[in-house]
Amino acid sequence: MSNAGPQPPATATANIKMSVGDYQLNAQISVPTKPTPLRLMLPVVHALANAVVDVAIKSVEEEGKAISCKKGCGACCRQLVPIAEIEARRLRDLVYDLPEPRRTEIRSRFAEAHRRLEAAGLWQKLSDREQWVEGEFNRLGLEYFAQGVACPFLEEESCSIHTDRPVSCREYLVTSPATNCAKPSAETVRIVPMPAKVWTALARLDAPPAGSKFLRWVPLIQSLEWADAHPEEPVERPGPEWLRELFEHLTSKMDNKGPTQEN
């Protein structure tokens, strides 16, 4: 009779070589070989997003610029933040797993944001994303920002879930003075261009049938309610399959567009 304990899950390691802008991204990524929920792939996606962001930062630094984002500057945390559907479910679970009274506090912030956006006539508009026309994301984004609704995870102007923050948050950086973000415009805020958009690639892993031009996503502020109404997650797939499709989307020109171009 064997006394051996449970064996660790089998993994496959991929050597990634990908051109990102003017740079070559080299990385080793290990993923489980067995069918795996998409949510368990999020740490891999986060690591990849961080690597792409590092490339973007290196590029602007070589131009003599510097990232001005810093702790205590939370203007961007009052923007309309698009996240992948699987991230919405992950945030919902993160909140529900919090101990009391922390869980009630965060949920109350989401509820208050709902109340304010509904009073401003924006909540339903955000829910009707499939009816948006070209440019609607930018237009409603400006209306949203004008309401000054802070992300429920923002505390002392800093992210309280920094390690678990969504990919689109990781990909948003600026080189303009931090004070300019309080009153953003195309002239005053210089956003760091990402050589590849990992968040849109992630969003397409939990997407309609191939060929659809509509990029499915969820406003972070609606993540709890949306996830409660849409609990069913994508069918489990082996880790290498998830990874292969992620890179297919990552290198697709269409998948490096945001919701403005997609809708």
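The values are calculated or read from the model by the stated rules, or taken from the named source; none is laboratory data. Only a predicted model underlies this, so the values are computations on that prediction, with no experimental measurement involved. We place every Cβ from the backbone using ideal geometry, glycine too, and count neighbours over all the protein chains shown.
What tally of residues in the range 114-145 results from selecting those that are within 16 Å of Glu225 (Cα to Cα) and either part of a loop (DSSP other than H, G, I, E, B) or over 19 Å from the mean Cα position of the chain (by Cα) (or both)?
So the count comes out to 10.
Residue-by-condition table, conditions (1) modelled with pLDDT under 95; (2) crowded, with 17+ Cβ neighbours inside 10 Å; (3) within 24 Å of Ala113 (Cβ to Cβ):
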| residue | (1), (2), (3) |
| --- | --- |
| Glu171 | no, yes, yes |
| Ala196 | yes, yes, no |
| Arg204 | yes, yes, no |
| Leu215 | yes, yes, yes |
| His249 | yes, yes, no |
| Pro259 | yes, yes, yes |
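Restricting to the range 1-21, give me the number of residues that are surrounded by fewer than 11 Cβ atoms within 10 Å (Cβ to Cβ) and either at pLDDT 75 or above or touching a helix residue (DSSP H, G or I) at 6+ places or on another chain (Cβ under 7 Å) (or both).
Within the range 1-21, residues that are surrounded by fewer than 11 Cβ atoms within 10 Å (Cβ to Cβ) and either at pLDDT 75 or above or touching a helix residue (DSSP H, G or I) at 6+ places or on another chain (Cβ under 7 Å) (or both) number 4.
Taking interchain pairs and intrachain pairs at least six residues apart, which have beta carbon atoms under 6 angstrom, with the first residue in the range 130-151 and under 25 Å from Arg165 (Cα atoms) and among the small types (Gly, Ala, Ser) and the second modelled with pLDDT under 95 and not in a loop (DSSP other than H, G, I, E, B)?
Pairs that qualify, where the first residue is under 25 Å from Arg165 (Cα atoms) and among the small types (Gly, Ala, Ser) and the partner is modelled with pLDDT under 95 and not in a loop (DSSP other than H, G, I, E, B): there are none.
Conditions first: (1) among the acidic types (Asp, Glu); (2) surrounded by 13 or more Cβ atoms within 10 Å (Cβ to Cβ); (3) under 24 Å from Leu215 (Cα atoms). Glu155 passes all but one, so which condition is the exception?
Every condition holds for Glu155 apart from (3).
Can we say Ser176 is in contact with a strand residue (DSSP E or B) (Cβ under 9 Å, 6 or more places away or on another chain), part of a helix (DSSP H, G or I) and among the hydroxyl-bearing types (Ser, Thr, Tyr)?
no
Looking only at the range 40-89, filter to residues that are under 29 Å from Gln24 (Cβ atoms), among the acidic types (Asp, Glu) and assigned to a helix (DSSP H, G or I); which one of those is farthest from the chain's Cα centre (by Cα)?
Top of the filtered list is Glu62.
Among the residues that make up the range 232-244, is at least one of them at pLDDT below 90, out of contact with any helix residue (DSSP H, G or I) (no Cβ under 9 Å at 6 or more places or on another chain), more than 25 Å from Phe110 (Cβ to Cβ) and not small (Gly, Ala, Ser)?
No.
Out of Ala88, Ala56, Ala51, Ala111, report the one residue that is within 21 Å of Gln222 (Cα to Cα), surrounded by 17 or more Cβ atoms within 10 Å (Cβ to Cβ) and small (Gly, Ala, Ser).
Ala88
For Cys77, state whether it is out of contact with any Asp or Glu (no Cβ under 7 Å at 6 or more places or on another chain) and at pLDDT 95 or above.
The answer is yes for Cys77.
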